[in-house]
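Working notes, structure below.
The values are calculated or read from the model by the stated rules, or taken from the named source; none is laboratory data. From a predicted model like this one, the values you see are computed outputs, not experimental measurements. Because the Cβ atoms are built from the backbone with ideal geometry, glycine has one as well, and the counts that use them run over all protein chains shown.
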Amino acid sequence: MSHSKVARVIPIAVLASLALGLAPGASGASSRTQGPRITRANGVVRIDLDPADREPWTPERMAEAKPLAYEPASTPRPTEVNRRFQLSDLEGSTPVMIPGSQAATPAIFSERLNRATAGPLNYQRFQITNPEEYPYSTHGKLYMQLYDDTEAVCSGTVVPSATGMTVMTAGHCLVSPESGVPVRDAVFVPGYQGNDQNPYGFWFAESLLVTDEWWDSSQPGGEEADARYDVAAFNVMQYPYAPGTLAETVGWRGVAFNLPQGQSYQSFGFPAAENFDGEKMITCISDPSIVDRSKPAPPMPNGMGCDMTGGSSGGGWVIEDGYVNSVVSYSIGFYPEMQFGPYFGDKALNVFEQMSGIDYPESEEIPEQAFDTSINFKPRKHLKAVGQITSTDPGCAAGAIFVIAKVKGGDAVAVAQGLAAPDGRFITKLKDKPGKYVALALDSYRDSFTLCRGSQSQAIKHSH
């Protein structure tokens, strides 16, 4: 599927009628005679849940839900979790960005703060104390009934869709990474405030989508579930007491795919294990992300600083201007204050498109503005590199993301990165080691439909 342009979001449709009661065919007692209907087409596996399996989610049942967490059986070595990337990795499919529903309300943070002490990235962690306000209302708790009749809890985020009923989460929240079995029942509670306060109600999942790769790798007999594709989406049924669709009720986050790695993320979730109780919306704001390069081939998962635990799985990773660009997927033992999420590339885009009903046929593409940049720099002695990014559009140079990398064979190891000044100039510290260095300006969007194309300087030899 070709995606050569960024397209505008399709307006949210208003449902003509509301579903009544729990759900069609649900009586509060489960017959479990049919189970889910599972179909496969176009790179995804679709699971339509059996209405007979839907049961009321009482406060007692919600309290019994155990936080779901995922740690791959094979974990990377510490040396494989770093900022190393292939120069060719900067070239890929065209970015797709679909904006959120409205401007964000400033967060009201609690005073609680934590900084990383056991990982390579600094971060800050807060509690959101106004979860009922946009955009925090788009994040919610996801309660699931597993096929062994136990209850579990994850997190999710409302995203754009033609129906206004789509939520994105992690694949392991909907299809078990150990058994390959999908959940029996699931309900999404947006803007959860704790202590059984559910300002926007309960939205039962109706149909689920995971990637072919996640489904196949999680089935019995496989080596292990493939964390590179741990992304999923689901559509919900109408909550009968809501004023409109899910998206009309709480708003929706933007989504972004095929962006350069190394983004700065803010993650959201409802961690419920260890030092967390699952009753609070928690957010982490991290240094620019790093990469788990232990996988056999791209797309390599991203890593960010955060100590959220089980229950935060599936929570959205948000970049600047409110775009979801990954979800909480897994953790690794030797970095307890980091979490990892799948790269949102064409596979994740395919899941989103097929569940949301938003597609971009080329005949309907909307032209975007695109401006080239150029970058030059000079390494100086005493740990500094000085340079400038220029562009025919000054807005593309102002605040642009730059990376200084040391060239080793065909690889480039990032040694410094930051944001250019309003005039495009930058200065950064370097380890004073001889070798060849290159500067890169990363692809970025000045706004939703103005692409600033990245550039690369010539490699410069630095010596004492």
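Descriptive notes on the structure:
- Wholly enclosed strands (runs of 3 or more DSSP E) of segment 392-436 bearing at least 2 residues in the same structural domain as Gly454 (by TED's automatic domain parsing) and modelled with pLDDT of 80 or more: 401-408, 425-429
- Any hit, segment 185-203, residues being polar (S, T, N, Q), outside any loop (DSSP other than H, G, I, E, B) and in the same structural domain as Gln102 (by TED's automatic domain parsing): no
- Verdict on Asp89 being modelled with pLDDT under 90 and part of a loop (DSSP other than H, G, I, E, B): no
- Residue match in segment 330-349 (condition: touching a Leu at 6+ places or on another chain (Cβ under 9 Å), part of a loop (DSSP other than H, G, I, E, B) and among the acidic types (Asp, Glu)): no
- Scanning segment 299-356 for residues that are farther than 20 Å from Val189 by Cβ, of a type in the set (S, T, N, Q) and touching a strand residue (DSSP E or B) at 6+ places or on another chain (Cβ under 6 Å) turns up Asn302, Asn325, Ser326, Ser329, Ser331, Gln339, Gln354, Ser356.
- Against the numbered list (1) among the hydrophobic types (A, V, I, L, M, F, W, C); (2) under 22 Å from Ile98 (Cα atoms); (3) outside any strand (DSSP E or B), Val324 comes up short only at (3).
- Of all the listed residues (Gly191, Gly140, Gly171, Gly156), the sole one being on the phi > 0 side of the Ramachandran plot, buried (at least 16 other Cβ atoms within 10 Å of the Cβ), modelled with pLDDT of 90 or more and not hydroxyl-bearing (Ser, Thr, Tyr) is Gly191.
- Taken residue by residue, segment 277-294 has at least one member that is under 22 Å from Glu178 (Cβ atoms), out of contact with any Phe, Trp or Tyr (no Cβ under 6 Å at 6 or more places or on another chain) and in the same structural domain as Val44 (by TED's automatic domain parsing).
- Screening the candidates Val236, Val255 for the property of being over 30 Å from Val403 (Cα atoms) and of a type in the set (Val, Ile, Thr) yields one hit, Val236.
- Per-region count, segment 205-227, residues more than 13 Å from Arg46 (Cα to Cα) and crowded, with 23+ Cβ neighbours inside 10 Å: 3
- Filtered residue count, segment 276-321, keeping only those that are at pLDDT 90 or above, part of a loop (DSSP other than H, G, I, E, B) and not polar (S, T, N, Q): 13
- Test: Ser179 is surrounded by fewer than 24 Cβ atoms within 10 Å (Cβ to Cβ), among the polar types (S, T, N, Q) and assigned to a strand (DSSP E or B): no
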